[in-house]
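Shown next, in structure tokens, is the structure this report addresses.
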There are 2 protein chains.
Amino acid sequence: MLDEAIAQKLDIEKFSSTPNTFCIADVGCSVGPNTFIAMQNILEAVGRKYESKALASELPEFQVFFNDHAMNDFNTLFTTLPPEKHYFAAGVPGSFHGRLFPKSSLHVVHASYALHWLSKVPEEVQDKDSPAWNKGRIYYTRASDEVANAYAAQFAKDMDNFLNFRATEIVVGGMMLLVMTVIQDGFHRSQSAGGFLYDELGSSLMDMAHEGLINEALIDTFNLPVYTTTMNEMARLVERNGYFNIERMKLTDPILNVEGPADMQMCTMHIRAAVEGVLTKHFGSEIIDELFTRFYQKAAKYPLIESKYKKGNLLFLALKRK
Amino acid sequence: MLDEAIAQKLDIEKFSSTPNTFCIADVGCSVGPNTFIAMQNILEAVGRKYESKALASELPEFQVFFNDHAMNDFNTLFTTLPPEKHYFAAGVPGSFHGRLFPKSSLHVVHASYALHWLSKVPEEVQDKDSPAWNKGRIYYTRASDEVANAYAAQFAKDMDNFLNFRATEIVVGGMMLLVMTVIQDGFHRSQSAGGFLYDELGSSLMDMAHEGLINEALIDTFNLPVYTTTMNEMARLVERNGYFNIERMKLTDPILNVEGPADMQMCTMHIRAAVEGVLTKHFGSEIIDELFTRFYQKAAKYPLIESKYKKGNLLFLALKRK
């Protein structure tokens, strides 16, 4: 889909000047190797585009910016860069919820499994006096509509900022290629894979609180800054923002086999890798092993119900800067 | 000197187009904080230049590229970036003895205490059959002229490559600001501060070999890939290369008080920080503590003779891309 979007929609001849350097950024790239594969794919697709336009002699040099927050392990990223890469590599520390690059300096921006991270937990859900107070839970999917609305509002605000910042950084005609986990329109929010698993994580924390292993008040002041959108919601947000045209929008299945049973040990490791940082910061590191042992037991139910959650839950979105 | 060189010699109005983004690179930057201070100085000097030309309204955005080899601790660099910085930061992993940046993408390149690192040990000094074989030593300063010439030839080759690569990466009119430890012309190579200290390090290794703690053959196959040039030698190499004009060339004293006695514990730590990596790779980590204990004792003589070595041993060089 990425190849096709670049082949059909990237108007390289319309860039204000044929670029000397073609700049690609992967925002929220983590440590690799997925980011290396994605960047290589984009680079090759852009190269073919230049060739197809008989611009091969003008093939620019490529510079690839690997972005993630400053606590990301850039040392690992840099020491495992592919030795045969045909681009100049740079790491850019900082949140994609803020400005990261100079004005009009990028031609393609990629973000994969990244945009579900909110810039922060919506304030109301941790405010005792708000109807959106999320007592006894750490996530919105099984919570009241007030809580879910607060999450949705935060996502809308974050996405608008994200699109504004990237619109500043991407040249006119440049593209943004986004891969996101979504929930299919029509499903209830509690029926997302992430929702199910994060709810079980919250439920494991509450079990520990009932046994006196965690102070329950600590759970009331903790919520995961993660939101799962839908295809229609994303389309509305992009259109309302106004800086990008939607060139491609397609739901697909995750790469892993959606029919076979999930490997719950692997799944537990993934969830732990994703959220251990924020959990440790709030609850301390002592509870983590016990928490994920309990989570693993609860999540064992998941393979029985997972396939309906996973099918069609991956959104590919190709946007072009107006 | 850096401020002055930028104020008097950087022709911002002659850049092919007023840059949207002003790009600065620090090559061989290590982990900070020195690099942050240097970059801030350059950024402010360039800002004043724009103001002095009444171009303040066109003040570009700044992007700063922090470069060092891929094993550098970029995680520390990124997490200690100044919170109030007025530039977009990026880390670039790789040796400055190779290409690092796209063509004509940089306006100012800075390198401080970095260019004494050779790309490799000259091959002859580790070749038993060569007249330049450096048996029983790890450095060239007290060695034969053949050894010293092999080091000088490697430096000349490396510097020519360095200037060629940077000439490709720097825009016409862009500047290179270099700070280097040198030995004053007229002094013998053994009279450099680095030479004295590295020779004592080699001598400590030989003592350990004589006591059976190290295999002497291991010492014969190890040499430090470091060279101390002179001001005249640098000027000749820059002129022979031909891509840069020398705008400023000045010897100065290191920042530390050159008259007072050196803190040899600090000095030992500095030397260890600089060369522990290459030593460990060759000799293993077991010998390191013992080696530097012995070195510290030998180097105790150093404060008695140091001031004549240190005075005027810092070269500031401002080059402009033709």
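Every read-out reported here was derived from the displayed coordinates using simple, explicitly stated rules and does not represent laboratory data. Because the structure is predicted, anything quoted here is derived from the model rather than measured. Neighbour counts are summed over all protein chains in view; Cβ atoms, including those assigned to glycine, are modelled from backbone coordinates with ideal geometry.
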Can you tell which of A:92, A:109 is surrounded by 19 or more Cβ atoms within 10 Å (Cβ to Cβ) and more than 13 Å from chain B (Cβ to nearest Cβ)? A:109
Considering only residues that are among the polar types (S, T, N, Q) and surrounded by fewer than 23 Cβ atoms within 10 Å (Cβ to Cβ), which ones fall in the stretch B:129-176? B:130, B:144, B:149, B:154, B:161, B:164, B:168
Please find, within the stretch A:52-63, the residue that is surrounded by the fewest Cβ atoms within 10 Å (Cβ to Cβ) out of those that are assigned to a helix (DSSP H, G or I) and either among the basic types (Lys, Arg) or more than 13 Å from chain B (Cβ to nearest Cβ) (or both). A:57
Residues located in the stretch A:64-80, provided they are within 7 Å of chain B (Cβ to nearest Cβ) and either aliphatic (A, V, I, L, M) or farther than 26 Å from residue A:7 by Cβ (or both): A:70, A:71, A:73, A:74, A:75, A:78, A:79
Sole exception among (1) surrounded by 21 or more Cβ atoms within 10 Å (Cβ to Cβ); (2) away from chain A (no Cβ under 14 Å); (3) among the aliphatic types (A, V, I, L, M) for residue B:118, by number: (1)
Among the numbered criteria (1) under 23 Å from residue B:271 (Cβ atoms); (2) surrounded by fewer than 20 Cβ atoms within 10 Å (Cβ to Cβ); (3) aliphatic (A, V, I, L, M), which single criterion is violated by residue B:246? (1)
Helices (runs of 4 or more DSSP H) fully within the stretch A:153-251 counting 1 or more residues that are under 16 Å from residue A:320 (Cβ atoms): A:231-241
Hey, among the residues in the stretch A:1-51 that are closer than 18 Å to residue A:173 by Cα and assigned to a strand (DSSP E or B), which one's nearest to the other protein chains (Cβ to nearest Cβ)? A:21
